[in-house]
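Asks: Here it is: the structure, laid out below.
The values are calculated or read from the model by the stated rules, or taken from the named source; none is laboratory data. The structure displayed is predicted, hence computed values, not measured ones. All Cβ positions, even for glycine, are placed from backbone atoms using ideal geometry, and neighbour counts span all protein chains on display. When the accessible area is computed, the model is the full protein with side chains, heavy atoms only, and any ligands, DNA or RNA have been set aside. Shrake-Rupley method; radii C 1.70, N 1.55, O 1.52, S 1.80 Å.
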Amino acid sequence: MKKIVILQDYLRNGGTERQSVHLAGRFAAHGLDTTLLTFRPGGALAPPSAQSQISTGQQQHSANYKFQSLQSFDTHLDFFAPRLIPALRRLAPDIVLCMGRMANCKAGRIARALPDAAVISTMRTGKKLPRAYIRSLHTTSHVIANSHAIAKTLVENYDVPEEKISVIHNAIVHDADSAPQPEESTDAVPSSALQPFSPSALPHRLLCVAMLRPEKNHHELIKIFSQLPPAPPAELHIIGAGSELLPCCSAVKRMGLVGRVHFHGYLSDPSPYYKQARVAVLTSHSESLPNFLVEAHMHGIPSVAYAVGGVSECGGIAITPGNQPAFIAALTRLLNDPEHHAAESARVAAHAQEHFAPQTQLRRYLEIFAKVTT
């Protein structure tokens, strides 16, 4: 049985972190001896049993994989990985899969310290890479990108050989058949900034699920929403936490959109909102392959998004970044033309099922694991 360690700095609520947890469960279910190793303990996505009891060197079982953290208490330092190499030597993995920026910055050091292990880098970001990350890309056994656009960036910007790169798209984590009831947000922000989930008489709910960070560009999305024609009436629902939440709330007040733009904070599973949504919208400045669009498409929700990173590979309507009139036109047509909406709904759902099904992703990872360990 192959032993694999998935390395992640912290299990915050983010796309890469969700994929780390998802992959840990998938690998273990397939029969791999799997450990999810994090730098920091806890986090929104940490296994429930690990939230209240985590000690360095001790492993907690969650579902069918093991969970371990290097920090004995949360220092809130994402880069701090105390005794990382000794911990990995004790685990003696055949494969180390590095997920996220901080873990990938350590990948080159791990490859040198564990010559018998296959260390795999991943590239899942549209941001500029730190030097340690770039060095690691040339030291590890293989590099997995989550979109063809990101793979092209690896070749053109970082001189990674094409033959060393594989593309594996993100798997669907929240599918259309596993939606629980809506839950209250766990965001640590004033309750006045958040609205609970409730049914609406309006048929046109626009949905954006993304951490409220500057690169997600929610301000432009709100501005675009403010310019939509008054008919049909629509609401914008934003799910996510981050530094831009309160500034965005202020922008909504300035634009007179209170009651039409709703912030719901962080939710562990936004599936109930997908079931209520008419169109998915995203105006990010940078992306690799946004999980939000993939999951929306699996639910049959058409999307309009700026064509950055791997957005076009998600299968929805991709607009040149910054072209607000084109974005508004595409969105307005989806809201006003039922036949066009139905056709887009069927198209994106079929695309998602073909390209992002979990079994397809698992098969591709197993092929790469076999290749790098022979």
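Asks: Ranked highest first by the average count of other Cβ atoms within 10 Å around their residues, in what order do 91-101, 364-374 fall?
Replies: The peptides rank, most packed first, as 91-101, 364-374.
Asks: With the contact rule set at Cα under 8 Å and sequence spacing of 6 or more, what percent relative contact order holds for the chain? The partial results should precede the final answer.
Replies: Working: 748 pairs, mean separation 51.6, N = 374.
Relative contact order comes out at 14 percent.
Asks: Same structure, new question: Report, to the nearest whole %, how much of the accessible area of the chain belongs to carbon and sulfur atoms, 1.4 Å probe, protein only.
Replies: Details: 8080 of 15420 Å².
Solvent-exposed carbon and sulfur of the chain make up 52 percent of the total.
Asks: So, one more: Out of all DSSP beta bridges with both ends in the chain, state the antiparallel percent to the nearest 5.
Replies: So the antiparallel bridges in the chain amount to around 5 percent.
Asks: What is the extension gain from residue 79 to residue 312, computed as 0.36 nm multiplied by their sequence separation minus the C-alpha to C-alpha distance, in nm to one decimal?
Replies: Full extension of this stretch gives 80.7 nm more.
Asks: Can you give the extra length, in nm with one decimal, that the chain gains between residue 363 and residue 342 once fully stretched, where that is 0.36 nm per residue apart less the Cα-Cα distance?
Replies: In short, 4.4 nm is gained.
Asks: Determine the gain in length on full extension of the stretch residue 156-residue 128; use 0.36 nm per residue of separation and subtract their C-alpha separation, reporting nm with one decimal.
Replies: Here the segment from residue 156 to residue 128 would lengthen by 8.8 nm.
Asks: Once every DSSP H run of n ≥ 4 in the chain is given -39500 (n - 2.57) and the sum is divided by its residues, what mean residue ellipticity at 222 nm do you get, rounded to the nearest 500 deg cm²/dmol?
Replies: Estimated from H runs of four or more residues: -11000 deg cm²/dmol.
Asks: Something else now. Roll a 1.4 Å probe over the protein chains and send me the accessible area per residue for the chain in Å².
Replies: Result: 41 Å² of accessible area for each residue.
Asks: Here's a follow-up. Quick one: of 152/223; 127/216; 2/371; 164/371; 106/127, which pairs are farther than 20 Å apart, Cα to Cα?
Replies: Violating the 20 Å limit, Cα to Cα: 152/223.
Asks: Once Lys and Arg get +1 and Asp and Glu get -1 on their Cβ, which of 302, 356, 319 lies farthest toward the positive end of the dipole of the range 302-374?
Replies: Farthest along the dipole direction, towards plus: 356.
Asks: Let me ask something else about it. Starting from the Cα of residue 30, step 7 Å along the direction of its Cβ; do the same at residue 246; then give the gap between the two resulting points in nm.
Replies: Modelled inter-label distance: 4.4 nm.
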